[in-house]
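Have a look at the structure below before the remarks.
The values are calculated or read from the model by the stated rules, or taken from the named source; none is laboratory data. Remember, it's a predicted structure, so these values are computed and weren't measured experimentally. Glycine also receives a Cβ, built like all others from the backbone with ideal geometry; neighbour counts cover every protein chain displayed.
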Amino acid sequence: MRCCRVVGPMWASVKHPAYSGHPLFVVQPIDEKGADVGTSFVALDHVQAGVGDRVIVLTEGTGARQILKQGDIVPIRSVIVGIVDHVDAEPEARS
């Protein structure tokens, strides 16, 4: 899984039936402070994310198939599975 920021929507006039009913977004991987790291990619939205949201993206095909429950052969590798509310990058002090 990767922490990413939703950059914007992606439209396609023709899509595989597995994508039906799910928006596609371009997402940018980010570090714990929100800085861009790596290359952006396309992910299918499963949680109603919006542009600018920090999200958790599952980037493994088997997990995507299990979440979407569409059988063994689905051409989807990246799925937005959560919206991040807060990131605590500092370790908690122990008493």
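Taking Val51, is it surrounded by 12 or more Cβ atoms within 10 Å (Cβ to Cβ) and among the β-branched types (Val, Ile, Thr)? So Val51 fails the test.
Exactly one residue out of Val57, Val42, Val81, Val6 is in a strand (DSSP E or B) and touching a helix residue (DSSP H, G or I) at 6+ places or on another chain (Cβ under 7 Å), and it is Val81.
Looking at the structure I just gave you, is Val37 surrounded by fewer than 17 Cβ atoms within 10 Å (Cβ to Cβ), at pLDDT 95 or above, of a type in the set (A, V, I, L, M) and more than 12 Å from the chain's Cα centre (by Cα)?
So Val37 fits the description; yes.
Note on segment 6-51: among residues that are without any contact (Cβ under 8 Å) to a residue 24 or more places away in the chain and among the β-branched types (Val, Ile, Thr), the one that is farthest from Gln66 (Cα to Cα) is Val37.
For segment 3-21, the set of residues classified as surrounded by 15 or more Cβ atoms within 10 Å (Cβ to Cβ) and either modelled with pLDDT under 95 or small (Gly, Ala, Ser) (or both) consists of Ala18, Tyr19, listed by residue number.
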